[in-house]
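Notes follow once the structure below has been shown.
Each reported figure results from applying straightforward, stated rules to the coordinates on display, with no laboratory input. Computed from a predicted model, the values in this text were never measured in an experiment. As a convention, Cβ positions derive from the backbone with ideal geometry for all residues, glycine included, and neighbour counts pool all protein chains shown.
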Amino acid sequence: SGEPGGAMAEAEGLLSVDYEVFGKVQGVFFRKNTQKEAKRLGLVGWVQNTSHSTVQGQIQGPATRVRELQEWLRKVGSPQSVISRAEFRNEKKIMALEHKDFEIVK
């Protein structure tokens with residue numbers, strides 16, 4: 001180990017994880033709030049509504065920050081939302097971020 005400039009990423013590692021949130025999560029500014037929280041944490045990825053009334057997307061970034069957003073998706077959400085559960089899958093370590101930003105996908 002010890003590639004130049006890789007110290008920060010190396011100490012912590014980058015994670016990518018897909019998520020889906022169930023409950024009253026559409027029409028309550030859930031996507032906007034998720035984007036805001038992700039940006040606050042310095043994460044990239046995306047969020048969108050699904051046709052079956054859930055919200056899904058992908059999060060990428062430093063492991064500890066990804067964990068923070070997972071907790072937020074599980075317990076907090078937007079002020080008017082009622083989260084019944086959040087599911088996470090396809091968690092993997094990545095070498096580099098695959099997104100530039102955190103986007104709301106229409």
Inset, instruction - Specify the angular offset, from 0 to 90 degrees and rounded to the nearest 10, of the alpha carbon long axis of helix 30-40 from the longest principal axis of the alpha carbons in the chain. - result: 20 degrees
Inset, instruction - Using only the alpha carbons, work out the radius of gyration and Dmax of segment 17-99 in angstrom. - result: 11.8, 36
Inset, instruction - Hey, for a label at E12 modelled as a point 7 Å past Cα toward Cβ, could you say which residues of segment 50-75 have their backbone N under 16 Å away? - result: 59-72
Inset, instruction - Enumerate the amide H contacts of L15 below 5 Å, restricted to partners 5 or more residues apart or on another chain; note that Pro and chain-start residues carry no placed amide H. - result: G61, A63, I94
Legend entry - Gain on full stretching of the segment that runs from K36 to H52 - 0.36 nm per residue minus C-alpha separation: 3.4 nm
Inset, instruction - Could you pull out the pairs from K39/K93; K24/K93; K24/K100; K32/K93; K75/K100 whose alpha carbons sit more than 24 Å apart here? - result: K24/K93; K24/K100; K32/K93; K75/K100
Legend entry - With Cα atoms, 0 to 90° folded angle of helix 63-75 axis to the chain main axis: 10 degrees
Legend entry - Among beta bridges that DSSP assigns inside the chain, antiparallel share in %, nearest 5: 85 percent
